[in-house]
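Peer 1: The structure under discussion is supplied below as structure tokens; questions concerning it will follow.
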Amino acid sequence: MKRQFLKLALAISAASILVACGGDDDTPAAPAPTKNIVELAQATPSLSILVEAVVAADLASTLSGAGPFTVFAPTDAAFAELLTELKITKAALLADKALLTSVLTYHVVAKKVVAADIPFGTDIKTLQGQTINIDKATTTITDASGRKSKITQTDILATNGVVHLIDKVILPKAAPAVPTKNIVELAQATSSLSILVEAVVAADLASTLSGAGPFTVFAPTDAAFAALLAELGVTKAALLADTALLTKVLTYHVVSGKVLKAGIPFGTPITTVQGETITIDTSAVITDARARKSQITATDILATNGVVHLIDKVILPKP
């Protein structure tokens, strides 16, 4: 009896030891993080440009705060690729604080999202305000501009969140610039529209096109006017002196209302301020009243009183 009791006691003791040690699993627990996100980035050689950018954007104190945050961290190679893509220097990027802040906060989610919790296929709102989407099969991020970035390493834990490395800088959609110039001021500030400005002044249309509007102007470049002078066999001085013809031609380039590229009624006659119509096809080619063609070369240049689209040939109403 005493021997059986001894065996039972030894069995219970051994079981207790196994339980205390976690059974046969002797894998050590992951060490608790000791660095916040900024300190972690500073200690990672491949994130040196990200650190410079965070400092330049004055975001270091934010990303060192309580959080928690999730940072999709572009490597130095990713930033180098971005500089090539944008055709700018690192110094120029770091100097543009507004752009830098928008881009960096687009890489941050205002909660801790480890790899196992990523809501694949669902839009994820960033600190910048726009969203990203992550594909489960490829762990690829699609940004607001449709660009792709691969997550190359996950779950680098910090005291205030988690960092995932990515191989390409992701970009939000650019906010449209708020216009500060009216149509005439915009033309005056555009070197390739100098003859158009002279023509508008000569036809006494500057005050009209500086007014409330809104107007849409199909603006011929200087090269377009040079081609017209050759076509008509007249000098610039002669054209500017004929104010009746000039007014008729210039008002033929103006449409009442603000018509952005997305709102152009392709294939439908558009009535101009002059009274006659033009048509625009889906290739952004204008056909005028004389069946002449002019290509729209730049669109949606916004003014305070409308919008300007550049064209490569002066359009003409009927004789």
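Peer 1: For mean projected area of the Cα convex hull in nm², several values are listed as (i) 17.9; (ii) 25.0; (iii) 31.3; flag the one computed from this structure.
Peer 2: (ii)
Peer 1: With a/c under 1.5 counting as rounded, go ahead and sort the range 91-171 into rounded, prolate or oblate using the C-alpha gyration tensor (a ≥ b ≥ c being the square roots of the eigenvalues; past the cut-off, prolate if a/b is larger than b/c, else oblate). Provide the component values of the computation, followed by the final result.
Peer 2: Values: a/c = 1.71, a/b = 1.37, b/c = 1.24.
Here the range 91-171 falls in the prolate category.
Peer 1: Applying a 10 Å radius around every beta-carbon, put 198-204, 305-311 in order of their mean neighbour count, most first. Working shown, then result.
Peer 2: On the way: 198-204: 18.4, 305-311: 22.4.
So the order, starting with the most tightly packed, is 305-311, 198-204.
Peer 1: Expressed as an acute angle from 0 to 90° and rounded to the nearest 10, what is the orientation of the C-alpha long axis of helix 76-86 relative to the principal long axis of the chain?
Peer 2: Taking Cα atoms only, the helix is inclined about 10 degrees.
Peer 1: May I pose another question? What distance in nm separates the two pseudo spin-label positions at residue 204 and residue 261, each 7 Å out from Cα along the beta-carbon direction?
Peer 2: About 3.7 nm separates the two model spin labels.
Peer 1: Carbon and sulfur together cover what percent of the accessible area of the range 103-193 at a 1.4 Å probe radius?
Peer 2: Numbers: 2420 of 4490 Å².
The C+S portion of the solvent-accessible surface of the range 103-193 is 54 percent.
Peer 1: So who's got an amide H within less than 5 Å of the one on residue 253, skipping anything under 5 residues away but keeping other chains? H placed 1.01 Å off N, in plane.
Peer 2: HN-HN under 5 Å from residue 253: empty list.
Peer 1: Give the accessible area for residue 117 in Å² (nearest 10); use a 1.4 Å probe, count only protein heavy atoms, and leave out ligands, DNA and RNA.
Peer 2: 100
Peer 1: Now, a different point. How many nm separate the modelled label positions at residue 290 and residue 80, each set 7 Å beyond the Cα in the direction of the Cβ?
Peer 2: According to this spin-label approximation, the distance is 5.6 nm.
Peer 1: Measuring with a 1.4 Å probe in the full set of protein chains, what accessible area per residue, in whole Å², belongs to the chain?
Peer 2: 53
Peer 1: Modelling each spin label as a point 7 Å along the Cα-to-Cβ direction, I'd like the residue 270/residue 229 distance in nm, to one decimal.
Peer 2: Between residue 270 and residue 229, the simple spin-label model gives 2.7 nm.
Peer 1: For the range 232-319, with all protein chains present and a 1.4 Å probe, just round the carbon and sulfur fraction of the accessible area to a whole percent.
Peer 2: Carbon plus sulfur share of accessible area: 58 percent.
Peer 1: What lysines does residue 112 reach when the alpha-carbon gap must be under 25 Å and sequence neighbours fewer than 8 apart in one chain are set aside?
Peer 2: 35, 125, 136, 148, 150, 168, 173
Peer 1: Taking R0 as 22 Å, what's the FRET efficiency between residue 112 and residue 137 from their Cβ-Cβ distance, rounded to 0.05?
Peer 2: Once rounded, the FRET efficiency stands at 0.40.
Peer 1: Under 5 Å between amide H atoms, partner at least 5 residues away or on a different chain: which partners does residue 128 have, H built in plane at 1.01 Å?
Peer 2: 106, 108
Peer 1: If the cut-off is a Cα-Cα distance under 25 Å, which lysines reach residue 236, setting aside same-chain residues fewer than 8 apart in sequence?
Peer 2: Partners within reach: 248, 293, 313, 318.
Peer 1: Any aspartates and glutamates with Cα under 12 Å of the residue 258 Cα? List them, leaving off those in the same chain fewer than 8 positions away.
Peer 2: 300
Peer 1: Still on this model: Just to check I understand the Karplus step: with θ = phi - 60° and J = 6.51 cos²θ - 1.76 cosθ + 1.60, what whole-Hz values come out for the range 152-166, glycine and proline as x?
Peer 2: Using θ = phi - 60°, the values come out as 9, 7, 10, 6, 8, 7, 10, 5, 10, x, 8, 10, 10, 7, 10 Hz.
Peer 1: Sticking with this structure for a sec: Once a ≥ b ≥ c are taken as the square roots of the eigenvalues of the Cα gyration tensor of the range 179-245, is the result rounded (a/c under 1.5), prolate (a/b larger than b/c) or oblate (a/b not larger than b/c)? It would help to have the intermediate numbers written out before the result.
Peer 2: Details: a/c = 2.44, a/b = 1.65, b/c = 1.48.
It comes out prolate by the Cα gyration axes.
The values are calculated or read from the model by the stated rules, or taken from the named source; none is laboratory data. No experiment lies behind these values; they were computed from the predicted model shown. Neighbour counts are summed over all protein chains in view; Cβ atoms, including those assigned to glycine, are modelled from backbone coordinates with ideal geometry. Side chains included, ligands, DNA and RNA excluded: accessible areas come from the protein's heavy atoms. Shrake-Rupley method; radii C 1.70, N 1.55, O 1.52, S 1.80 Å.
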